[in-house]
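Okay, so here's the structure we're looking at.
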Amino acid sequence: MKKQDIVRLTHLKVITNTGDILSKWVNVCKSSDLKKGEMLDYDHEDKKILLANLNGKVYATDRICTHADADLSTGILTEDGVTCPLHLSTFNLKTGAPENLPAETSLKIYNVKIEQNEIYIEVD
Ligand code: FES
């Protein structure tokens, strides 16, 4: 392995003895790239993910509204969560649960960690 091959470790996979991948941490961006009150979109394989910085805490959820095909990164971030731009359901960022109709299904949420000023999310 050359020195430049180990400059940055961005994925950690946990693989069972049956070959199943349990999860992996993916480096999304620097924490300075997501300031308080900001959201950003991030795609990983087939996943469309929303990251939001609410009062200094970073949350990650699925980005597509569970009611219809709306991109929540174009919605509104408030103390209550993220509000869908299409029919205005608001999703709690901690739980992914919708707080009001018409959405009835929760968003998937992802674990987030920040290490050495880099934001990571845990995907499966
Ligand atoms: S598409 Fe989001 S509430 Fe309808």
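What follows draws every value from the coordinates through simple rules; no lab data is involved. Owing to the predicted nature of the structure, the values given are computational and were not obtained by experimental measurement. Positions of Cβ are generated from backbone atoms using ideal geometry, with glycine treated the same way; all protein chains shown enter the neighbour counts.
Do you know the relative contact order of region 55-110, to the nearest whole percent, from alpha carbon pairs under 8 angstrom that are 6+ apart?
Relative CO of region 55-110 lands at 32 percent.
Just the Kirkwood number for region 27-123, please: inverse of mean 1/r across all distinct Cα pairs, in Å, one decimal.
13.1 Å is the Kirkwood radius here.
If you stretched the chain out fully between residue 40 and residue 118, how much longer would it get, using 0.36 nm times the residue separation minus the C-alpha to C-alpha distance?
Length difference between fully extended and current span is 26.6 nm.
Looking at region 91-124, which GluC sites (Glu not before Pro) are DSSP coil and have at most 12 other C-beta atoms within 10 Å of their C-beta?
104
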